[in-house]
Amino acid sequence: MKKSHPIRRVLLASAATVSGIVLLLSLKPATDSTSASAQGAAAQGAAAAQESPQGGAAAAGTSTVTGAVAQTQYGVVQVRLTVANGKITKAEAIQAPKGGTSDQKTALSVPKLNQEVVATQSADITSVTGATYTSGGYKQSLQSAIDKMKAAGANTASPSQSSAAGSGQAAQAKTVTGDVVTTEYGPVQVRITVAGGKITKADAVQAPSGGTSDQKTALSIPKLNQEAVAAGNANIDSVSGASYTSGGYKKSLQSALDKAGG
Amino acid sequence: MTTTLAGGRAARRQTMRRIRPRRSPATLLLLAVWAGAVGVLWMWWHNTPSIADQNGKILNAGRITGLLAGYLMALVVLQMARVPALERRVGSDRVARWHAMSGRYTLCLVFAHVFLIMWGYALQAGKTLSDIVQQTIDSVNQLPDMGKAAIGTGLFLLIGLSSIGAVRRRLPYDLWYHVHLLTYAAVFFTFWHQITTGNDFALTPIAKTVWYGLYGSVTALVVWYRILTPIRLNMRHRMRVEAVIEETPGIVSVLIGGRKLHRMGAEAGQFFRWRFLAPGMRFSSHPYSLSAAPRPNMLRITVKAIGDHSARLRELRPGTKVWAEGPYGALTSQRRTRGKVLLVAGGVGITPMRALFETLPGAAGDITLLYRANTTQDLALWDELAKIADERGARLMYAVNSPDGERPDISAESLRRKMPDIDNHDVFMCGPPGFAQSVYEALRGAGVPARRIHHESFEM
Ligand SMILES: Cc1cc2nc3c(=O)[nH]c(=O)nc-3n(C[C@H](O)[C@H](O)[C@H](O)COP(=O)(O)OP(=O)(O)OC[C@H]3O[C@@H](n4cnc5c(N)ncnc54)[C@H](O)[C@@H]3O)c2cc1C
């Protein structure tokens, strides 16, 4: 029965809502400080744990930098760069829109964008026509990756960081990405880091996602990665319950080894 | 019904033993609602590692408003599910006010969400704010479930417009009500795009489960309490009109018979929504309070003719089938915390007060009824009130306009003069908003704490 003040209530509610949202937005950093691939989608379980330390990117050898997740209306885009001696040697989208017509658009645009990045060495790339949203998101994520890469480059003075990148053997380390192998549940693509003729790291940049695939991927990929490093070749055991994913993984791994000249 | 208790300490103790105030769960519910909102914001926070630029800020503001709107939407529907805890413990009128308030707020969030998201996408595609309409059309055409979402948003717009005060007052109640029922369709249509295009639901499978759980349980509650419960009630009790009695000019009582009516669990002070299955009346149901304590084979309502439906009740024939939903309302003896009670009735607000006057336990002198009407002729049910007062040793007072039309003086001073111990009373009050407001202020002035003034409004 207290007196109601409708106008005051409306003003109060709007002011509280707007300032709450503005506050939340401003508390978020502009670039991603944590490993962004902890975000749900495809290759996450596989890649997240093995992200190379971003610190000494340009210090010695090869390292990877992952950009922020960019939201587009068709889904998220996230770019990862492989950097060797301060140059972008490879760009890839570890997350890109999927489903419906998005698959086509992604297939059409992402490879082109990847090439452009390596060619221009900057975020100043042209959008792929017919895929403006994906291109826009790609550029956003790319920009943040490049920012990080530069920040890391400026940091090379710090010895602890460069050793974190494993400078000792990193001089000869290189990253090779295998072919995309399509399985019944989705594409699998393996990337290995080879140093001194040995696989020092393996991860899946693409793996099946959606439905029960998420579980299977989370279950099998870490095991396969470990096995690949342990065995040093593509002769690894399939994970039971995830035989399609394992099969695809092995094929992609083999192709990566072939490329690495191992 | 009325066990007249002699005055004295023993009688008072006996009264107090029967007073078991139950706290309204309102505070707890509000806390739960806030906790849920925090959970929703946390999900956004968790799924958003960084926001790169201005465009990202706009899109994320759109996501936050969308998530909150999706969350609140379920609760806005829940408030109208006629859940007994809400209707009987918080009170139907209060829940209806919550519903109106949170409904307006939620619709504002929905429209803000649409605007922000479309603006953000337009910028992302290299266009500007002025292309927002084209962007919206594109998105509706290209994204999954966005066609449905567009239909739902259109319905929300219609519902929102029809509920703006000035518009609503001009619309017939039934038209407004049926437009309002479209909310269910609107919620259904807008639900799916949340799941299929919502970033947070794609990224967090648990969130998807929680969302299905939230909307699923609200749907279940609506089906259970708005459809199945009334069907069961009416199958069991089979109510019919027994008689229609004119009380004063313009006020009639309707006696309703049925089977085992005491098993409905209705209490004095509560109301039902009544639908009389007579030609021209079967499509609308109206809330009327019980104007006497329920008896095993008889219920009574007393209605003042103020419009279409209420005026036609006098034409009801005995034997007409009645479909009732209820009991609802929290203005019952459970609110009581004190031995002494003052009942205040304004006009036809006498109905629940009449039932409470008869049944509230109390010794002689514990219960007082103050009845306000325009003239003594308008004091409906006066004779029976006088009889109850006599039998129980309760006090009965009335206040009417003076012959030259002047309003009676109901102020803090006059109340204290009549009842020196007024600040030691629980007050139950029912009457038109202006009257209730002025009495409320007078009571507060006379020293009655707000938590002991229990009020119900006939406006919903
Ligand atoms: C909890 C509660 C208990 C009530 N108890 C009584 C009572 O005991 N005796 C009595 O005479 N009146 C009571 N009323 C008021 C009564 O419901 C309205 O006067 C009646 O519904 C008016 O309908 P109408 O078609 O005659 O008038 P209209 O001219 O159609 O409506 C007049 C106003 O009544 C309200 N109203 C109309 N239809 C409904 C409806 N279906 N549901 C809710 N509100 C409606 C609207 O605010 C409307 O503006 C109660 C109302 C509520 C909310």
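State the number of residues belonging to the range A:1-23 that are at pLDDT 95 or above and at the interface with chain B (Cβ under 7 Å from one of its Cβ atoms). Result for the range A:1-23: 1. Just so you know, in the range B:318-341 the residues that are of a type in the set (Lys, Arg) and more than 22 Å from the chain's Cα centre (by Cα) include one that is nearest to the ligand (Cβ to nearest atom), and it is B:LYS321.
One line per residue, one yes/no per condition, for (1) touching a residue at least 40 places away in the same chain (Cβ under 8 Å); (2) of a type in the set (A, V, I, L, M, F, W, C):
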{"site": "A:GLN215", "(1), (2)": "no, no"}
{"site": "A:PRO222", "(1), (2)": "yes, no"}
{"site": "A:ASN225", "(1), (2)": "yes, no"}
{"site": "A:ALA230", "(1), (2)": "no, yes"}
{"site": "A:ALA234", "(1), (2)": "no, yes"}
{"site": "A:GLY248", "(1), (2)": "yes, no"}
{"site": "A:ALA256", "(1), (2)": "yes, yes"}
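Tell me which of these A:GLY67 doesn't satisfy, since it passes every other one: (1) buried (at least 22 other Cβ atoms within 10 Å of the Cβ); (2) over 15 Å from the mean Cα position of the chain (by Cα); (3) not aliphatic (A, V, I, L, M). The one condition A:GLY67 does not meet is (2). Taken as a whole, the structure leaves B:THR209 outside the set of residues that are over 30 Å from B:LEU313 (Cα atoms), crowded, with 19+ Cβ neighbours inside 10 Å and within 14 Å of chain A (Cβ to nearest Cβ).
Against the list (1) touching a residue at least 40 places away in the same chain (Cβ under 8 Å); (2) open to solvent by 30 Å² or more (accessible area, probe 1.4 Å); (3) under 30 Å from A:THR132 (Cβ atoms), the condition B:GLN124 fails is (2). Taking (1) touching a residue at least 12 places away in the same chain (Cβ under 8 Å); (2) within 16 Å of the ligand (Cβ to nearest atom) in turn, B:LEU181 satisfies each apart from (1). Remark: pairs (first residue in the range B:138-149, at the interface with chain A (Cβ under 9 Å from one of its Cβ atoms); second residue of a type outside the set (Asp, Glu); Cβ separation under 6 Å; 6+ apart in sequence or on different chains) = B:SER139/B:MET146; B:LEU143/B:THR197; B:PRO144/B:THR196. Contact map, the range B:162-178: residues that are open to solvent by 50 Å² or more (accessible area, probe 1.4 Å) and within 11 Å of the ligand (Cβ to nearest atom) paired with residues that are small (Gly, Ala, Ser) and not in a helix (DSSP H, G or I), Cβ distance under 7 Å, separation 6+ or inter-chain. Pairs shown: B:ASP174/B:SER284. Taken together, the residues in the range A:70-89 that are in a strand (DSSP E or B) and under 20 Å from B:GLY126 (Cβ atoms) amount to 7.
The values are calculated or read from the model by the stated rules, or taken from the named source; none is laboratory data. Remember, it's a predicted structure, so these values are computed and weren't measured experimentally. Reconstructed Cβ throughout: ideal geometry from the backbone, glycine too, with neighbour counts over all protein chains shown. Surface accessibility is based on the protein's heavy atoms, side chains included, excluding ligands, DNA and RNA. Shrake-Rupley method; radii C 1.70, N 1.55, O 1.52, S 1.80 Å.
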